[in-house]
1. In square angstrom, what is the accessible area per residue of segment 430-515 with a 1.4 angstrom probe?
2. Once Lys and Arg get +1 and Asp and Glu get -1 on their Cβ, which of THR52, HIS228, THR130 lies farthest toward the positive end of the dipole of the chain?
3. Return the whole-Å distance between the Cα centroid of segment 154-222 and the Cα centroid of segment 447-500.
4. Can you tell me the relative contact order of segment 433-538? Whole percent, Cα pairs under 8 Å, sequence separation 6 or more.
5. Write down the accessible area per residue of segment 147-253 in Å², having rolled a 1.4 Å probe over the full set of protein chains.
6. I'd like the orientation of helix 254-263 relative to the chain: the angle between its Cα long axis and the longest Cα principal axis, in ° from 0 to 90, rounded to 10.
7. For a Förster distance of 35 Å, can you work out the FRET efficiency between the beta-carbons of THR208 and SER405, rounded to the nearest 0.05?
8. Work out the length of the dipole vector of the chain about its Cα centre, built from +1 on the beta-carbon of each Lys and Arg and -1 on the beta-carbon of each Asp and Glu, and round it to the nearest 20 debye.
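The values are calculated or read from the model by the stated rules, or taken from the named source; none is laboratory data. From a predicted model like this one, the values you see are computed outputs, not experimental measurements. Counting neighbours? That spans all protein chains shown, and the Cβs are built from the backbone with ideal geometry, glycine included. We work out accessible area using only protein heavy atoms, side chains counted, and drop any ligands, DNA or RNA first. Shrake-Rupley method; radii C 1.70, N 1.55, O 1.52, S 1.80 Å.
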Amino acid sequence: MQDYPLTLDSIFLRAETLYADRALMSAGPVPVRTTYGQWAERTRRLGGLLDTLGISSDGRVATFAWNSTRHLELYFAAPCTGRVLHTLNIRLFPEQLAYVANHAGDEVVFVDRSLLGMLAPLLPSIPSITHVVVMDDGAGPEPSDLTITTAEVYDYEELLAQCEPVEFHTTDEYQAAAMCYTSGTTGNPKGVVYSHRSTWLHSMAAITTAGLGCSESDVILPIVPMFHANAWGLAHAAPMCGAGLVFPGSDMSPQGLLTLMVNEKVTVAAGVPTIWAGIRPLLEGADLSHLRAVVCGGSAVPQSLSEFYRETLGIPILQAWGMTETHPLATVAHLSSRDANLSEQDAAARRARQGGPVPGMEVRIVEPDTTEALPWDDEATGELQVRSPWAASDYYDPDPGVELSTPDGWMKTGDVAAIDAFGSVRLVDRTKDLVKSGGEWISSVELENEIMAHPGVAEAAVIGVPHPKWDERPIACVVRAESSTVTAEELMEYLRSRVAKWWLPDAIEFIDEIPKTSVGKFSKKDLRMRFTDYVLPS
Ligand code: ADP
(Lines give C-alpha, C1' and ligand atoms only; values in the text may rest on other atoms or scores of the structure.)
Protein backbone atom coordinates (compact mmCIF):
# COMPACT_ATOMS: atom_id res chain seq x y z
CA MET A 1 0.00 0.00 0.00
CA GLN A 2 1.05 3.56 -0.53
CA ASP A 3 2.62 5.55 2.23
CA TYR A 4 -0.12 8.20 2.36
CA PRO A 5 0.42 10.69 5.17
CA LEU A 6 -2.55 11.23 7.47
CA THR A 7 -2.13 14.99 7.65
CA LEU A 8 -4.75 17.73 7.96
CA ASP A 9 -3.84 18.90 4.46
CA SER A 10 -5.94 16.09 3.01
CA ILE A 11 -8.99 17.01 5.14
CA PHE A 12 -8.58 20.61 4.03
CA LEU A 13 -8.26 19.57 0.39
CA ARG A 14 -11.44 17.47 0.54
CA ALA A 15 -13.46 20.42 1.85
CA GLU A 16 -11.87 22.77 -0.69
CA THR A 17 -12.45 20.59 -3.72
CA LEU A 18 -15.44 18.33 -2.95
CA TYR A 19 -17.58 20.58 -0.76
CA ALA A 20 -16.71 24.08 -1.99
CA ASP A 21 -20.39 25.12 -2.13
CA ARG A 22 -21.35 23.80 1.33
CA ALA A 23 -22.45 26.56 3.71
CA LEU A 24 -20.74 27.73 6.88
CA MET A 25 -22.03 30.42 9.20
CA SER A 26 -21.09 32.26 12.37
CA ALA A 27 -23.81 33.88 14.43
CA GLY A 28 -21.97 36.94 15.45
CA PRO A 29 -22.32 39.52 17.05
CA VAL A 30 -22.11 40.31 13.30
CA PRO A 31 -23.29 37.21 11.37
CA VAL A 32 -20.97 35.78 8.71
CA ARG A 33 -22.16 33.49 5.91
CA THR A 34 -19.61 31.74 3.76
CA THR A 35 -18.78 28.42 2.07
CA TYR A 36 -16.01 25.87 2.33
CA GLY A 37 -14.71 27.24 -0.98
CA GLN A 38 -14.36 30.80 0.33
CA TRP A 39 -13.10 29.54 3.67
CA ALA A 40 -10.40 27.52 1.93
CA GLU A 41 -9.20 30.53 -0.05
CA ARG A 42 -8.96 32.63 3.13
CA THR A 43 -7.28 29.77 5.00
CA ARG A 44 -4.55 29.59 2.36
CA ARG A 45 -4.03 33.35 2.66
CA LEU A 46 -3.91 32.99 6.43
CA GLY A 47 -1.02 30.56 5.90
CA GLY A 48 0.69 33.42 4.04
CA LEU A 49 -0.15 35.77 6.91
CA LEU A 50 1.62 33.53 9.42
CA ASP A 51 4.69 33.53 7.16
CA THR A 52 4.53 37.33 6.83
CA LEU A 53 4.44 37.75 10.60
CA GLY A 54 7.54 35.57 10.80
CA ILE A 55 6.02 32.94 13.07
CA SER A 56 8.54 30.09 13.52
CA SER A 57 8.05 27.18 11.16
CA ASP A 58 6.81 25.04 14.09
CA GLY A 59 5.65 27.95 16.29
CA ARG A 60 2.65 27.95 18.60
CA VAL A 61 -0.29 29.94 17.24
CA ALA A 62 -2.71 30.80 20.03
CA THR A 63 -6.38 31.65 19.66
CA PHE A 64 -8.55 33.47 22.18
CA ALA A 65 -11.83 33.26 20.43
CA TRP A 66 -15.43 32.19 20.23
CA ASN A 67 -16.53 29.46 17.84
CA SER A 68 -16.52 31.09 14.41
CA THR A 69 -15.57 30.58 10.77
CA ARG A 70 -12.40 32.63 11.35
CA HIS A 71 -11.47 30.27 14.15
CA LEU A 72 -11.93 27.44 11.64
CA GLU A 73 -9.48 29.19 9.30
CA LEU A 74 -6.89 29.08 12.08
CA TYR A 75 -7.73 25.43 12.78
CA PHE A 76 -6.22 24.54 9.39
CA ALA A 77 -3.85 27.36 8.43
CA ALA A 78 -1.65 26.83 11.50
CA PRO A 79 -1.13 23.05 11.27
CA CYS A 80 -1.12 22.89 7.46
CA THR A 81 1.86 25.29 7.47
CA GLY A 82 3.65 23.19 10.10
CA ARG A 83 2.68 25.33 13.09
CA VAL A 84 0.79 24.23 16.18
CA LEU A 85 -2.63 25.64 17.00
CA HIS A 86 -3.10 26.40 20.68
CA THR A 87 -6.69 27.19 21.58
CA LEU A 88 -6.70 29.17 24.81
CA ASN A 89 -9.68 28.63 27.10
CA ILE A 90 -11.28 32.08 27.41
CA ARG A 91 -12.83 31.20 30.77
CA LEU A 92 -9.65 30.33 32.63
CA PHE A 93 -8.55 32.53 35.49
CA PRO A 94 -5.95 35.12 34.43
CA GLU A 95 -3.09 33.30 36.24
CA GLN A 96 -4.03 30.01 34.59
CA LEU A 97 -4.19 31.66 31.18
CA ALA A 98 -0.75 33.19 31.58
CA TYR A 99 0.49 29.82 32.84
CA VAL A 100 -0.72 27.86 29.80
CA ALA A 101 0.37 30.48 27.24
CA ASN A 102 3.85 30.60 28.77
CA HIS A 103 4.01 26.84 29.15
CA ALA A 104 3.12 26.37 25.47
CA GLY A 105 5.44 29.18 24.35
CA ASP A 106 2.81 30.94 22.22
CA GLU A 107 4.27 33.41 19.69
CA VAL A 108 1.13 35.04 18.36
CA VAL A 109 -2.45 35.26 19.54
CA PHE A 110 -5.51 35.69 17.35
CA VAL A 111 -8.20 37.30 19.47
CA ASP A 112 -11.83 38.23 18.88
CA ARG A 113 -12.28 41.96 19.45
CA SER A 114 -15.08 41.22 21.95
CA LEU A 115 -12.51 39.35 24.08
CA LEU A 116 -9.57 41.74 23.67
CA GLY A 117 -10.41 43.62 26.86
CA MET A 118 -9.94 40.37 28.83
CA LEU A 119 -6.68 39.42 27.16
CA ALA A 120 -4.87 42.76 26.95
CA PRO A 121 -4.01 43.08 30.68
CA LEU A 122 -2.40 39.62 30.61
CA LEU A 123 -0.04 40.25 27.71
CA PRO A 124 2.82 41.73 29.80
CA SER A 125 2.96 38.43 31.71
CA ILE A 126 3.29 36.41 28.47
CA PRO A 127 6.54 37.71 26.98
CA SER A 128 6.67 35.11 24.18
CA ILE A 129 3.59 36.65 22.52
CA THR A 130 4.94 39.38 20.28
CA HIS A 131 2.01 39.63 17.84
CA VAL A 132 -1.68 40.20 18.58
CA VAL A 133 -4.04 39.83 15.64
CA VAL A 134 -7.50 41.21 16.33
CA MET A 135 -10.47 39.55 14.64
CA ASP A 136 -13.22 42.15 14.55
CA ASP A 137 -16.42 40.35 15.54
CA GLY A 138 -18.36 43.57 15.97
CA ALA A 139 -18.15 44.12 19.74
CA GLY A 140 -15.70 45.14 22.42
CA PRO A 141 -13.12 47.90 22.75
CA GLU A 142 -11.18 49.26 19.80
CA PRO A 143 -7.55 48.09 20.03
CA SER A 144 -6.44 51.74 19.98
CA ASP A 145 -8.38 52.31 23.21
CA LEU A 146 -6.24 49.76 25.05
CA THR A 147 -2.62 49.98 26.09
CA ILE A 148 -0.72 47.10 24.54
CA THR A 149 3.01 47.70 24.68
CA THR A 150 4.52 44.21 24.69
CA ALA A 151 3.26 43.11 21.27
CA GLU A 152 2.49 44.50 17.82
CA VAL A 153 -1.25 44.75 17.20
CA TYR A 154 -2.79 44.07 13.78
CA ASP A 155 -6.22 43.80 12.23
CA TYR A 156 -6.96 40.32 10.86
CA GLU A 157 -8.88 41.39 7.76
CA GLU A 158 -6.38 44.10 6.84
CA LEU A 159 -3.47 41.67 7.02
CA LEU A 160 -5.35 38.91 5.24
CA ALA A 161 -6.18 41.20 2.33
CA GLN A 162 -2.45 41.83 1.81
CA CYS A 163 -1.39 38.17 1.86
CA GLU A 164 -1.12 35.68 -0.98
CA PRO A 165 -2.57 32.16 -0.75
CA VAL A 166 0.05 29.49 -0.01
CA GLU A 167 0.39 25.80 -0.85
CA PHE A 168 0.09 23.35 2.03
CA HIS A 169 2.53 20.45 2.08
CA THR A 170 2.74 18.84 5.51
CA THR A 171 4.01 15.32 5.04
CA ASP A 172 4.90 14.14 8.52
CA GLU A 173 1.74 12.74 10.07
CA TYR A 174 3.40 12.49 13.48
CA GLN A 175 4.03 16.24 13.56
CA ALA A 176 2.14 18.24 16.20
CA ALA A 177 -1.00 19.90 14.81
CA ALA A 178 -2.70 21.37 17.85
CA MET A 179 -2.59 21.51 21.59
CA CYS A 180 -5.23 21.86 24.27
CA TYR A 181 -4.94 22.15 28.01
CA THR A 182 -7.26 20.21 30.28
CA SER A 183 -9.68 22.58 31.91
CA GLY A 184 -8.32 21.87 35.35
CA THR A 185 -11.32 20.31 37.10
CA THR A 186 -8.62 18.50 39.07
CA GLY A 187 -5.42 20.53 39.50
CA ASN A 188 -3.34 22.72 37.17
CA PRO A 189 -4.09 22.66 33.44
CA LYS A 190 -2.02 20.03 31.63
CA GLY A 191 -1.09 20.26 27.97
CA VAL A 192 -2.10 17.61 25.45
CA VAL A 193 -0.54 17.69 21.98
CA TYR A 194 -2.56 16.30 19.08
CA SER A 195 -0.69 15.12 16.00
CA HIS A 196 -1.93 15.34 12.41
CA ARG A 197 -2.30 11.57 12.45
CA SER A 198 -4.27 11.42 15.70
CA THR A 199 -6.58 14.20 14.50
CA TRP A 200 -7.12 12.49 11.15
CA LEU A 201 -7.94 9.13 12.71
CA HIS A 202 -10.15 10.73 15.36
CA SER A 203 -12.10 12.54 12.64
CA MET A 204 -12.63 9.27 10.80
CA ALA A 205 -13.90 7.63 13.99
CA ALA A 206 -16.19 10.61 14.69
CA ILE A 207 -17.95 10.28 11.35
CA THR A 208 -18.54 6.53 11.58
CA THR A 209 -22.03 5.50 12.65
CA ALA A 210 -20.52 4.01 15.82
CA GLY A 211 -19.23 7.55 16.45
CA LEU A 212 -21.51 10.46 15.60
CA GLY A 213 -22.38 9.28 12.08
CA CYS A 214 -21.87 12.68 10.40
CA SER A 215 -22.26 13.13 6.67
CA GLU A 216 -22.52 15.78 3.98
CA SER A 217 -26.24 16.14 4.69
CA ASP A 218 -25.63 17.28 8.26
CA VAL A 219 -25.57 20.82 9.61
CA ILE A 220 -23.44 20.68 12.74
CA LEU A 221 -23.58 23.16 15.60
CA PRO A 222 -20.61 22.78 17.94
CA ILE A 223 -21.82 24.54 21.08
CA VAL A 224 -18.86 22.99 22.84
CA PRO A 225 -16.13 25.63 22.55
CA MET A 226 -13.37 25.25 20.00
CA PHE A 227 -10.95 25.52 22.95
CA HIS A 228 -12.49 22.48 24.68
CA ALA A 229 -10.76 19.44 23.15
CA ASN A 230 -11.02 20.86 19.62
CA ALA A 231 -14.80 21.28 19.82
CA TRP A 232 -14.86 17.52 20.42
CA GLY A 233 -13.36 16.98 16.99
CA LEU A 234 -16.38 18.36 15.11
CA ALA A 235 -14.43 21.19 13.48
CA HIS A 236 -12.25 18.57 11.77
CA ALA A 237 -14.90 15.90 11.22
CA ALA A 238 -17.28 18.32 9.43
CA PRO A 239 -14.83 19.42 6.69
CA MET A 240 -13.76 15.80 6.30
CA CYS A 241 -17.29 14.66 5.48
CA GLY A 242 -18.59 17.92 4.00
CA ALA A 243 -21.15 18.68 6.70
CA GLY A 244 -22.22 22.30 7.02
CA LEU A 245 -21.14 24.12 10.18
CA VAL A 246 -22.96 26.68 12.29
CA PHE A 247 -20.96 28.54 14.93
CA PRO A 248 -22.65 30.34 17.82
CA GLY A 249 -20.09 33.13 18.16
CA SER A 250 -20.45 34.96 21.46
CA ASP A 251 -24.15 34.38 22.09
CA MET A 252 -24.16 31.30 24.28
CA SER A 253 -27.54 32.07 25.86
CA PRO A 254 -30.08 29.22 25.82
CA GLN A 255 -32.49 31.32 23.71
CA GLY A 256 -29.75 32.36 21.28
CA LEU A 257 -28.64 28.75 20.80
CA LEU A 258 -32.18 27.49 20.36
CA THR A 259 -32.98 30.18 17.78
CA LEU A 260 -29.84 29.23 15.88
CA MET A 261 -30.82 25.55 15.87
CA VAL A 262 -34.28 26.37 14.56
CA ASN A 263 -33.27 28.99 11.95
CA GLU A 264 -30.26 27.15 10.57
CA LYS A 265 -32.01 23.76 10.51
CA VAL A 266 -29.26 22.21 12.58
CA THR A 267 -29.13 18.39 12.49
CA VAL A 268 -26.37 17.70 15.03
CA ALA A 269 -25.65 19.88 18.06
CA ALA A 270 -23.12 19.14 20.77
CA GLY A 271 -22.68 20.57 24.26
CA VAL A 272 -22.16 19.74 27.94
CA PRO A 273 -25.17 18.80 30.14
CA THR A 274 -25.50 22.32 31.60
CA ILE A 275 -26.15 23.64 28.06
CA TRP A 276 -28.92 21.12 27.45
CA ALA A 277 -30.35 21.71 30.92
CA GLY A 278 -30.40 25.45 30.16
CA ILE A 279 -32.27 24.97 26.87
CA ARG A 280 -34.72 22.46 28.35
CA PRO A 281 -37.35 24.96 29.62
CA LEU A 282 -37.52 26.59 26.14
CA LEU A 283 -38.03 23.43 24.09
CA GLU A 284 -41.82 23.30 24.09
CA GLY A 285 -43.11 24.39 20.68
CA ALA A 286 -39.69 24.98 19.08
CA ASP A 287 -39.46 23.59 15.52
CA LEU A 288 -36.46 21.29 15.81
CA SER A 289 -37.72 18.81 13.23
CA HIS A 290 -34.32 18.75 11.49
CA LEU A 291 -32.41 17.81 14.60
CA ARG A 292 -31.25 14.18 14.58
CA ALA A 293 -28.61 14.11 17.33
CA VAL A 294 -28.28 16.00 20.60
CA VAL A 295 -24.73 15.08 21.53
CA CYS A 296 -23.77 15.49 25.16
CA GLY A 297 -20.62 14.70 27.11
CA GLY A 298 -18.09 16.18 29.47
CA SER A 299 -20.11 15.12 32.51
CA ALA A 300 -22.64 12.38 33.15
CA VAL A 301 -25.95 13.03 31.44
CA PRO A 302 -28.82 12.81 33.93
CA GLN A 303 -31.32 10.22 32.71
CA SER A 304 -34.18 12.59 33.50
CA LEU A 305 -32.70 15.24 31.19
CA SER A 306 -32.29 12.77 28.32
CA GLU A 307 -35.83 11.48 28.83
CA PHE A 308 -37.21 15.02 28.78
CA TYR A 309 -35.64 15.55 25.34
CA ARG A 310 -37.00 12.21 24.13
CA GLU A 311 -40.50 13.01 25.34
CA THR A 312 -40.49 16.56 23.96
CA LEU A 313 -38.52 16.22 20.70
CA GLY A 314 -38.71 12.50 20.03
CA ILE A 315 -34.92 12.18 20.23
CA PRO A 316 -33.06 11.40 23.41
CA ILE A 317 -29.67 12.85 24.22
CA LEU A 318 -26.77 10.92 22.69
CA GLN A 319 -24.19 10.56 25.41
CA ALA A 320 -20.47 10.37 24.66
CA TRP A 321 -17.56 9.99 27.04
CA GLY A 322 -14.05 11.20 26.56
CA MET A 323 -11.31 13.47 27.79
CA THR A 324 -9.04 16.18 26.45
CA GLU A 325 -6.42 13.42 26.59
CA THR A 326 -8.48 11.27 24.16
CA HIS A 327 -9.15 13.97 21.55
CA PRO A 328 -11.86 13.49 23.13
CA LEU A 329 -14.15 10.88 21.58
CA ALA A 330 -13.78 7.48 23.26
CA THR A 331 -17.21 5.92 23.82
CA VAL A 332 -20.72 6.67 22.52
CA ALA A 333 -23.93 5.34 24.04
CA HIS A 334 -25.78 4.12 20.96
CA LEU A 335 -28.39 1.46 21.54
CA SER A 336 -27.55 -1.75 19.68
CA SER A 337 -29.65 -4.39 17.95
CA ARG A 338 -29.54 -6.30 21.25
CA ASP A 339 -31.52 -3.47 22.82
CA ALA A 340 -34.36 -3.58 20.28
CA ASN A 341 -36.90 -5.11 22.66
CA LEU A 342 -36.08 -3.10 25.76
CA SER A 343 -38.83 -1.24 27.59
CA GLU A 344 -38.61 2.58 27.41
CA GLN A 345 -37.35 2.56 30.98
CA ASP A 346 -34.58 0.03 30.31
CA ALA A 347 -33.62 1.78 27.08
CA ALA A 348 -33.32 5.04 29.02
CA ALA A 349 -31.06 3.33 31.54
CA ARG A 350 -28.81 2.07 28.73
CA ARG A 351 -28.58 5.53 27.23
CA ALA A 352 -27.52 6.85 30.63
CA ARG A 353 -24.37 4.70 30.33
CA GLN A 354 -21.28 6.12 28.68
CA GLY A 355 -21.51 3.46 25.96
CA GLY A 356 -19.23 1.37 23.80
CA PRO A 357 -15.79 2.31 22.46
CA VAL A 358 -15.68 3.80 18.96
CA PRO A 359 -13.62 1.91 16.35
CA GLY A 360 -9.94 2.39 17.09
CA MET A 361 -10.47 2.77 20.83
CA GLU A 362 -9.93 0.00 23.39
CA VAL A 363 -11.11 0.10 27.00
CA ARG A 364 -10.32 -1.89 30.11
CA ILE A 365 -10.85 -1.54 33.84
CA VAL A 366 -8.12 -2.43 36.29
CA GLU A 367 -7.54 -2.68 39.98
CA PRO A 368 -6.03 0.77 40.75
CA ASP A 369 -2.22 0.85 40.61
CA THR A 370 -2.00 -2.59 39.01
CA THR A 371 -2.28 -3.81 35.44
CA GLU A 372 -4.67 -6.55 36.48
CA ALA A 373 -7.72 -6.33 34.22
CA LEU A 374 -11.09 -6.77 35.88
CA PRO A 375 -13.99 -8.76 34.39
CA TRP A 376 -16.60 -7.22 32.09
CA ASP A 377 -19.57 -8.22 34.23
CA ASP A 378 -20.97 -4.72 34.91
CA GLU A 379 -20.34 -5.30 38.61
CA ALA A 380 -16.59 -5.11 39.08
CA THR A 381 -15.44 -1.49 39.17
CA GLY A 382 -11.93 -0.24 38.61
CA GLU A 383 -9.93 2.51 36.95
CA LEU A 384 -10.94 2.97 33.33
CA GLN A 385 -7.97 2.85 30.97
CA VAL A 386 -7.85 3.26 27.20
CA ARG A 387 -5.59 2.51 24.25
CA SER A 388 -5.92 4.19 20.88
CA PRO A 389 -3.93 6.06 18.21
CA TRP A 390 -5.68 9.19 19.53
CA ALA A 391 -5.08 8.66 23.25
CA ALA A 392 -2.18 10.68 24.66
CA SER A 393 0.81 8.76 25.97
CA ASP A 394 2.06 11.70 27.99
CA TYR A 395 1.40 15.35 28.74
CA TYR A 396 3.38 18.14 27.11
CA ASP A 397 6.31 18.93 29.37
CA PRO A 398 4.57 17.56 32.47
CA ASP A 399 5.33 18.50 36.06
CA PRO A 400 7.53 15.94 37.81
CA GLY A 401 5.59 12.91 38.95
CA VAL A 402 2.66 13.43 36.56
CA GLU A 403 2.28 10.25 34.53
CA LEU A 404 -0.47 9.41 32.12
CA SER A 405 0.48 5.92 30.95
CA THR A 406 0.72 2.56 32.68
CA PRO A 407 3.88 0.47 32.35
CA ASP A 408 2.07 -1.71 29.77
CA GLY A 409 1.08 1.26 27.60
CA TRP A 410 -2.52 2.09 28.52
CA MET A 411 -3.72 5.61 29.33
CA LYS A 412 -4.98 6.18 32.86
CA THR A 413 -8.20 8.18 32.88
CA GLY A 414 -8.75 8.79 36.60
CA ASP A 415 -12.34 7.65 36.08
CA VAL A 416 -13.87 4.67 37.84
CA ALA A 417 -16.13 2.46 35.74
CA ALA A 418 -17.77 -0.91 35.20
CA ILE A 419 -17.97 -2.57 31.77
CA ASP A 420 -20.69 -5.00 30.71
CA ALA A 421 -20.22 -8.20 28.71
CA PHE A 422 -20.61 -6.28 25.43
CA GLY A 423 -18.07 -3.58 26.20
CA SER A 424 -20.47 -0.83 27.25
CA VAL A 425 -18.88 1.44 29.83
CA ARG A 426 -20.77 2.68 32.88
CA LEU A 427 -18.93 5.46 34.62
CA VAL A 428 -19.22 5.34 38.37
CA ASP A 429 -17.32 8.50 39.19
CA ARG A 430 -14.08 10.38 38.95
CA THR A 431 -11.63 8.83 41.40
CA LYS A 432 -11.40 12.15 43.21
CA ASP A 433 -15.17 12.58 43.47
CA LEU A 434 -16.04 9.17 44.94
CA VAL A 435 -17.25 9.46 48.51
CA LYS A 436 -15.50 6.99 50.78
CA SER A 437 -17.86 5.99 53.57
CA GLY A 438 -16.71 3.33 56.04
CA GLY A 439 -14.34 1.78 53.51
CA GLU A 440 -17.05 1.55 50.82
CA TRP A 441 -17.44 3.85 47.84
CA ILE A 442 -20.51 5.93 47.09
CA SER A 443 -20.87 7.20 43.52
CA SER A 444 -21.56 10.92 43.58
CA VAL A 445 -22.67 10.70 39.93
CA GLU A 446 -25.33 8.09 40.62
CA LEU A 447 -26.63 9.94 43.64
CA GLU A 448 -26.79 13.21 41.68
CA ASN A 449 -28.68 11.46 38.91
CA GLU A 450 -31.32 10.22 41.32
CA ILE A 451 -31.71 13.62 42.95
CA MET A 452 -31.94 15.43 39.59
CA ALA A 453 -34.73 13.06 38.54
CA HIS A 454 -36.98 14.80 41.12
CA PRO A 455 -39.15 17.35 39.29
CA GLY A 456 -38.48 20.00 41.94
CA VAL A 457 -34.73 19.91 41.36
CA ALA A 458 -32.86 21.87 38.68
CA GLU A 459 -29.31 20.82 39.57
CA ALA A 460 -27.62 18.70 42.21
CA ALA A 461 -24.01 17.99 43.06
CA VAL A 462 -22.83 15.57 45.72
CA ILE A 463 -19.55 15.92 47.60
CA GLY A 464 -17.97 14.05 50.49
CA VAL A 465 -17.34 15.85 53.79
CA PRO A 466 -15.19 14.52 56.64
CA HIS A 467 -16.92 12.32 59.20
CA PRO A 468 -15.36 11.14 62.48
CA LYS A 469 -16.72 7.59 62.24
CA TRP A 470 -17.21 6.92 58.52
CA ASP A 471 -14.26 8.88 57.14
CA GLU A 472 -16.49 10.72 54.69
CA ARG A 473 -20.21 11.12 54.19
CA PRO A 474 -22.06 12.56 51.20
CA ILE A 475 -23.89 15.86 51.28
CA ALA A 476 -26.05 17.02 48.39
CA CYS A 477 -25.98 20.61 47.16
CA VAL A 478 -29.28 21.22 45.43
CA VAL A 479 -30.62 24.03 43.25
CA ARG A 480 -34.41 24.07 43.27
CA ALA A 481 -36.24 24.22 39.92
CA GLU A 482 -38.03 27.49 39.23
CA SER A 483 -41.02 27.96 41.55
CA SER A 484 -40.27 24.64 43.31
CA THR A 485 -40.59 24.55 47.10
CA VAL A 486 -39.25 21.03 47.57
CA THR A 487 -37.85 20.46 51.08
CA ALA A 488 -34.91 18.38 52.31
CA GLU A 489 -37.31 15.96 54.00
CA GLU A 490 -39.26 15.45 50.77
CA LEU A 491 -36.07 14.79 48.83
CA MET A 492 -34.86 12.31 51.45
CA GLU A 493 -38.19 10.52 51.30
CA TYR A 494 -37.94 10.42 47.51
CA LEU A 495 -34.42 8.98 47.66
CA ARG A 496 -35.24 6.31 50.25
CA SER A 497 -36.81 4.00 47.66
CA ARG A 498 -34.15 4.72 45.07
CA VAL A 499 -30.75 4.28 46.71
CA ALA A 500 -29.23 2.07 49.40
CA LYS A 501 -29.83 3.40 52.92
CA TRP A 502 -26.15 4.11 53.55
CA TRP A 503 -26.01 6.16 50.34
CA LEU A 504 -28.57 8.65 51.61
CA PRO A 505 -26.85 12.02 51.95
CA ASP A 506 -26.28 13.17 55.52
CA ALA A 507 -27.49 16.63 54.60
CA ILE A 508 -29.14 18.48 51.76
CA GLU A 509 -28.03 22.07 51.32
CA PHE A 510 -30.10 24.30 49.05
CA ILE A 511 -27.92 26.74 47.12
CA ASP A 512 -28.60 29.31 44.37
CA GLU A 513 -26.25 27.88 41.81
CA ILE A 514 -23.74 25.04 41.45
CA PRO A 515 -20.35 26.59 40.65
CA LYS A 516 -19.20 25.65 37.13
CA THR A 517 -15.76 25.03 35.64
CA SER A 518 -14.41 26.95 32.66
CA VAL A 519 -16.10 24.46 30.33
CA GLY A 520 -19.44 24.46 32.12
CA LYS A 521 -19.14 21.35 34.28
CA PHE A 522 -20.09 21.23 37.96
CA SER A 523 -16.99 22.35 39.83
CA LYS A 524 -16.67 19.97 42.77
CA LYS A 525 -13.37 21.65 43.61
CA ASP A 526 -15.16 24.95 44.28
CA LEU A 527 -18.00 23.24 46.12
CA ARG A 528 -15.56 21.42 48.38
CA MET A 529 -13.86 24.72 49.10
CA ARG A 530 -17.18 26.31 49.95
CA PHE A 531 -18.03 23.49 52.35
CA THR A 532 -14.51 23.02 53.81
CA ASP A 533 -15.51 23.61 57.38
CA TYR A 534 -18.90 22.02 57.03
CA VAL A 535 -20.22 20.48 60.23
CA LEU A 536 -22.62 17.62 59.61
CA PRO A 537 -25.89 17.77 61.55
CA SER A 538 -25.67 15.34 64.46
P1 ADP B 1 -11.39 18.30 32.76
O2 ADP B 1 -10.62 17.06 33.13
O3 ADP B 1 -10.60 19.52 32.99
O4 ADP B 1 -12.80 18.33 33.27
P5 ADP B 1 -12.02 17.12 30.24
O6 ADP B 1 -13.05 17.67 29.38
O7 ADP B 1 -10.85 16.51 29.62
O8 ADP B 1 -11.57 18.26 31.17
O9 ADP B 1 -12.73 16.10 31.22
C10 ADP B 1 -12.72 14.72 31.04
C11 ADP B 1 -13.51 14.09 32.15
O12 ADP B 1 -14.88 14.49 32.08
C13 ADP B 1 -13.55 12.58 32.10
O14 ADP B 1 -12.41 12.00 32.66
C15 ADP B 1 -14.80 12.29 32.91
O16 ADP B 1 -14.55 12.31 34.30
C17 ADP B 1 -15.71 13.44 32.58
N18 ADP B 1 -16.66 13.05 31.52
C19 ADP B 1 -16.57 13.27 30.20
N20 ADP B 1 -17.64 12.77 29.55
C21 ADP B 1 -18.42 12.18 30.49
C22 ADP B 1 -19.66 11.46 30.46
N23 ADP B 1 -20.35 11.26 29.34
N24 ADP B 1 -20.13 11.01 31.64
C25 ADP B 1 -19.48 11.23 32.79
N26 ADP B 1 -18.32 11.89 32.88
C27 ADP B 1 -17.79 12.37 31.75
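1. 50
2. Ranked along the dipole, the leading option is HIS228.
3. Between the Cα centre of segment 154-222 and that of segment 447-500, the gap is 40 Å.
4. 25
5. Each residue of segment 147-253 exposes 34 Å² on average to a 1.4 Å probe.
6. With rounding to tens, the tilt is 60 degrees.
7. 0.85
8. Taking the Cα centre of the chain as origin, the dipole is about 560 debye.
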